[in-house]
Each structure stands twice: as C-alpha cells, then as structure tokens.
Amino acid sequence: MNGLKKWQAYALAGVIVLVAIAGAAYAFRKDMVLYFVATRARDATIIEPNREIVWDQGPAVAAEPAGNRPPNIVVILADDLGFNDISYFGGGVVPTPNIDSIAKAGANFTSAYSGTAACAPSRAMIMTGRYGTRTGFEFTPTPPGMTRIVDMFYNDGTRFHEMLIDREAAAKAPPFREQGLPGSEITLAEALKPRGYHNIHIGKWHLGNAPEFLPNAQGFDESVMLESGLFLPEDSPDVVNAKLPFDPIDQFLWARMQYATSYNGSAWFEPKGYLTDFYTDEAIKAIEANRNRPFFLYLAHWGVHTPLQASKADYDALSHIKDERLRVYAAMIVALDRSVGRVLQTLKENGLEDNTLVIFSSDNGAPGYIGLPDVNKPYRGWKLTFFEGGIRVPFFAKWPARIPAGAERTTPVAHLDMFPTIVAAAGGELPADRVIDGIDLLPYAANGEEPAPRPIFWRDGHYQAVQTGGWKLQMAERPNKIWLFNLNVDPTEQNNVADENPEKVAELKALADAHNATQRAPLFPAVAEMPVTIDKTLEEPVTEDDEYIYWPG
C-alpha cells in the first residue's frame, strides 16, 4: 500500500512538473518561436565579410560634352517616408535641406501619389508605368513565415480587430522568391537601353527573388541588392536600435533580418558601415565610374523602413529629441537627407549637374505601426490605406537644363508617370505593344503645360479608390463602407460626404468598374488581411468608434 501511495505521489509530482513546463512553454511561446526563426535564419545563410565592389568603368574620355548627351537619370526612392518627414512642406522632426533643395531647384508636384499604399506594387508601377492590376503585381510578397508569425503575435486576444488569414490561398501561393514582376514586362531600365544608358540599381528591389526577376534580368547592368533588412548588426557599437513591442511585423523583422548585401547576384556579404551610408558610397562610386556616358541610377533606399536603427553618430547629434524612438527615426531621416546631398554634390563635382534629371520620392506614406502619430500630418491614414496619408508622397524633379527652379505644379500626378517622363527625357520611345498608364510630365514640369484631366486608380483586392477632379472615392468590403471626399475643400479627408452626393458616388464607382474590367487577375493571392485604424497608430488602443479598413496582402 505504501508503495502504491509513493507511486501516486511520484505520478502527481510528474504531472505537476509537466503542467509547469507546459505553462512555461505557453507563456514564453512567442520568445521560443522568435528564437527558432532567428536561429534558422542564421543557420541557413552564409554571409561573407565585406568585399570591395568594382564598378564597371565607362569611357576614360567622353565622346561628347555632357550637355550634348542624353541626360543622366537619377531616381532616389525612400521607403515609408512620411509626408511630414520633409521640412520643405513646413514640418519635419529634423530639417531635410538636401531633399528640399531638389524641389527648390526644380519642380515640386504638390499633389503626387504613390502607385499604391504598399512597397512592392508601388515599385513595380515606377518600373513599368503600368498599374499593378494591369501587370498582375497587385499584392506585396511577404517573406517565408511572416504571415504565421504575425498571425500568432497579432491574434493573441489583445486586439480589437483580428488579422484575417486565408490558409487556402497561402497553400496555393507560389514560393516567395517566385512572386515577382514578369520578365515580359518592360522595365524603365530596358526602355533606356536603346538610348545607350548604363543602368545601375542600388538598394531595395522587392520585385521577385528568383533569377528571372532580379535587376540583372530586368535591364540593369549592375545591381547592389538589399538582401535582408538590418542597417547594422543589432549588437554593433555604432548603432542605436528602437524596437516596437506592440508591432508583430517588427518582432518578425528583428528575428529574421540580417546585415547583408550582394553585387550582381554574388554570394551575400556584409555591407560597409551604416546601410544608408553604404548605399550612398556605392552610388558615388557608380556616378564617377560612368561620368563620361549616359547612366540611369536607381537608388532605392531601405531607410526609413523598420527595423528602426540609427547610426550612433546621427543619434548622438540629436540630443534635443527626448523621445528615444522618435530620435532614432529622426536620425534615420538625417542619414537619408545626407545621402541625397552627397549624390547631388557628386553630380556637381563631375560636371553632370545641369544635364541630370534627379527625381526624389517615397514608395508610399509612413506606417501607423511605428507608433509615431505625426509622420503623415496633416493627412489622415497610413501606409496600407488609401487615405491621403498612405498614398500622398513627395515628388520632386530637378533638371537645370530643362526645368525652371521653384516650379510648383498642382495637378495630381502619380508614380506611374515616372516611366513615360524619364523615357521622354532620354529621347526614347514608349513600348507600342502595351498600355502605358502613366503620362509624360516633362512639358508640365518644364513649361507648365497642363496634362489632360484623368482619373487615378488604386486597388488592393476588395479595397479600392479612384480620384478625379478633386473628388476621391474609397470602397471596401471589410468594413462594407464607402468614403467620398471633396479634396478641393477638404484635402485632409475629414468629412465623408458620400450620403449627400449619391450621383458623384455612382459616377466614380462607374469609373472604377470600367477600369477594373480592363485589368487582370493577380499573379499571386493575398494570404492575409491586416486591420488598420485610420486615425490611430498601432500603439494606441482601439474602440468601436474608430474608423478602420482591412488591407489584403
């Protein structure tokens, strides 16, 4: 009998231990998952030490003066930069004198729109001049495991709106690396080739990772690629990190991302120094190597996208900013602005300033998930919404030989217009075998010739918008709602006037329906839908009165 009691006591103790272990495992399940993700990423990737990039050298002596050649083209694209992050517009947490100088010396398109409110499709539209819904590149590819991690971390019972997961679509989706811009599309680099351009890509691509989608297969002669997502190693003495514990995407990035680049499809290797500065160093070397022939430089910065990491030197110089997260973010903007200044100075020093078309923009507005409420002011909304905060972007163009300084152009324009504008500036011809949705803005920028009125469309799954004549309609299925704003009198979208204007709603809806009828099905599906609160950051508590949308991606 005593033996039986001992056995029962041991069994009970064992159960208690197992329950305790299970409880601890459940309590720390998120940490365990992130550790597994981080370990798997490190084990699966070899990152070699930094190596010197040897750029292809153009002619030692120019065949003709710079002014007699087609213009050099430099497109500098920021990532997730908010409208209020630029001091030219009267705001900004730090001055951006170099970015501002492009508008002051050229044209500022005051009503400029991104292709969409998310990274990859917006970049595809810049590269092709075609709507993402026309090419099929409608949704943003997400890295392996990201949807599962965000699902676990977001749907933990603490959120007012849950993230929606389409597991059937996820099972049918092609692998992440194969979710790319089809090679049948003609990119800006390919369109410039017949004009003798040497095409250079530096930074983010996000248009597919399989070989047939990479920059070198899409018209670029040389490419320095963002291969992961850290600006410096997390434990570097030269970096200051700002983590966002309320953001599941940020937690995934810190676990998964590494400090890596490549050149022309090489093995991964470490960049040299803070990533924004590294890309700038390479851009300067590329400009100098090609100063005697026409070149197209697509400098696609990762800044100021999360993870929020600043160089310690830039962070230390902003001691007047007391909020640590805002200070890191501001320091990232300082690095981005410094990059623009160094590129402009290099063009000047090499006698290329007058005959170089420089365009600066951001791929979309700033996100609410960084928890900084003022980044898109005065506009409502964030990245992943079609409110103005998500799609209103800076669009500056400087070309001293053609565009007058200080030109303010108010007619709405879009990222789609970069393709035809740049091709026209280069003296090239648009592809004749396909629809190009953008328009040539050069006559407008240079001479003030107003472009013909046209609607601008946005679509991401069930969520759509159209803007024309100052009226903007947004339509969503989740929630089932329509917003109509008269931007002529309400540019910050404070008053939804859909109920008072049923005829205008019907008119704009008919435009959207006719447009959709000419578009194609997505190349790959949206596998999740993220709720986004229009007027609050992700850090702020949500109530039933807060407006929101679900963003498919």
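The values are calculated or read from the model by the stated rules, or taken from the named source; none is laboratory data. Computed from a prediction, not measured in an experiment: that's the story for all the values here. Note that we place each Cβ from the backbone using ideal geometry, even for glycine, and neighbour counts take in every protein chain shown. Note: accessible area is taken over every heavy atom of the protein model, side chains too, but ligands, DNA and RNA are not part of it. Shrake-Rupley method; radii C 1.70, N 1.55, O 1.52, S 1.80 Å.
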Complete set of residues in segment 418-443 that are assigned to a helix (DSSP H, G or I) and either under 22 Å from Phe89 (Cα atoms) or polar (S, T, N, Q) (or both)
Met418, Thr421
It is to be established whether one or more residues within segment 411-426 are within 30 Å of Met530 (Cα to Cα), modelled with pLDDT of 95 or more and surrounded by fewer than 24 Cβ atoms within 10 Å (Cβ to Cβ).
yes
State whether one or more residues within segment 484-506 are under 26 Å from Thr147 (Cα atoms) and not aromatic (Phe, Trp, Tyr).
no
Just to be sure, is Ala120 closer than 26 Å to Ser223 by Cβ, open to solvent by less than 10 Å² (accessible area, probe 1.4 Å) and among the hydrophobic types (A, V, I, L, M, F, W, C)?
yes
Hits in segment 282-298 - residues which are assigned to a helix (DSSP H, G or I) and surrounded by 22 or more Cβ atoms within 10 Å (Cβ to Cβ)
Glu282, Ala283, Ala286, Ile287
Kindly provide the set of residues from segment 269-281 that are part of a strand (DSSP E or B) and surrounded by fewer than 17 Cβ atoms within 10 Å (Cβ to Cβ), ordered by number.
none
Give the residue, chosen from Asp363, Asp337, Asp374, that is under 18 Å from the mean Cα position of the chain (by Cα) and under 26 Å from Ala465 (Cα atoms).
Asp363
Based on what the data block shows, is Pro522 loosely packed, with under 15 Cβ neighbours inside 10 Å and in contact (Cβ under 8 Å) with a residue 40 or more places away in the chain?
no
If I ask for residues that are aromatic (Phe, Trp, Tyr), over 15 Å from Asp374 (Cβ atoms) and either open to solvent by 50 Å² or more (accessible area, probe 1.4 Å) or not in a loop (DSSP other than H, G, I, E, B) (or both), which ones from segment 299-334 would you list?
Tyr315
Quick one: which of Arg42, Arg51, Arg69, Arg29 is surrounded by 10 or more Cβ atoms within 10 Å (Cβ to Cβ), charged (D, E, K, R) and at pLDDT below 60?
Arg29
Filter segment 135-191 for residues that are of a type in the set (Val, Ile, Thr) and under 28 Å from Glu540 (Cα atoms); which is surrounded by the fewest Cβ atoms within 10 Å (Cβ to Cβ)?
Thr158
One residue from Val497, Val466 being in contact (Cβ under 8 Å) with a residue 40 or more places away in the chain and out of contact with any Gly (no Cβ under 9 Å at 6 or more places or on another chain):
Val466
By residue number, the members of segment 494-553 that are closer than 30 Å to Glu178 by Cβ and in a loop (DSSP other than H, G, I, E, B) are Ala517, Thr518, Gln519, Arg520, Ala521, Pro522, Leu523, Phe524, Pro525, Ala526, Val527, Gly553
Restricting to segment 254-268, and then to whatever is aliphatic (A, V, I, L, M) and open to solvent by 10 Å² or more (accessible area, probe 1.4 Å), can you tell me which residue is farthest from Ala63 (Cα to Cα)?
Ala255
Quick check on segment 113-142: of everything there that is assigned to a helix (DSSP H, G or I) and small (Gly, Ala, Ser), which residue is farthest from Pro431 (Cα to Cα)?
Ala120
Given (1) in contact with a Lys or Arg (Cβ under 7 Å, 6 or more places away or on another chain); (2) open to solvent by less than 20 Å² (accessible area, probe 1.4 Å), index of the condition Asp437 fails:
(2)
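Table: residues versus (1) modelled with pLDDT under 95; (2) open to solvent by 10 Å² or more (accessible area, probe 1.4 Å); (3) closer than 26 Å to Arg130 by Cα.
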position: Val75; (1), (2), (3): no, no, yes
position: Ala78; (1), (2), (3): no, no, yes
position: Asn84; (1), (2), (3): no, yes, no
position: Ser87; (1), (2), (3): no, yes, no
position: Pro95; (1), (2), (3): no, yes, no
position: Asn98; (1), (2), (3): no, yes, no
position: Ala103; (1), (2), (3): no, no, yes
position: Thr110; (1), (2), (3): no, yes, yes
position: Tyr113; (1), (2), (3): no, no, yes
The condition of being over 20 Å from Lys398 (Cα atoms), free of Cβ contacts under 8 Å to residues at least 60 places away in the same chain and not small (Gly, Ala, Ser) holds, among Thr158, Thr147, Thr133, Thr116, only for Thr158
Please find, among Ala465, Ala446, the residue that is outside any loop (DSSP other than H, G, I, E, B), more than 26 Å from the chain's Cα centre (by Cα), of a type in the set (Gly, Ala, Ser) and surrounded by 14 or more Cβ atoms within 10 Å (Cβ to Cβ).
Ala446
Looking at segment 245-268, which of its residues are part of a loop (DSSP other than H, G, I, E, B) and closer than 23 Å to Phe153 by Cβ?
Pro245, Phe246, Asp247, Met257, Gln258
Of the conditions (1) in contact with a strand residue (DSSP E or B) (Cβ under 9 Å, 6 or more places away or on another chain); (2) within 25 Å of Gly229 (Cβ to Cβ); (3) not basic (Lys, Arg), Val375 satisfies every one except a single condition; which number is it?
(1)
When Asp440 is run through (1) touching a residue at least 60 places away in the same chain (Cβ under 8 Å); (2) under 12 Å from Pro420 (Cβ atoms); (3) within 25 Å of the chain's Cα centre (by Cα), the failure sits at (1)
Taking Phe296, is it closer than 18 Å to Val358 by Cα and of a type in the set (Phe, Trp, Tyr)?
yes
Conditions (1) within 21 Å of the chain's Cα centre (by Cα); (2) outside any helix (DSSP H, G or I); (3) at pLDDT below 95 -> Thr147 fails only (2)
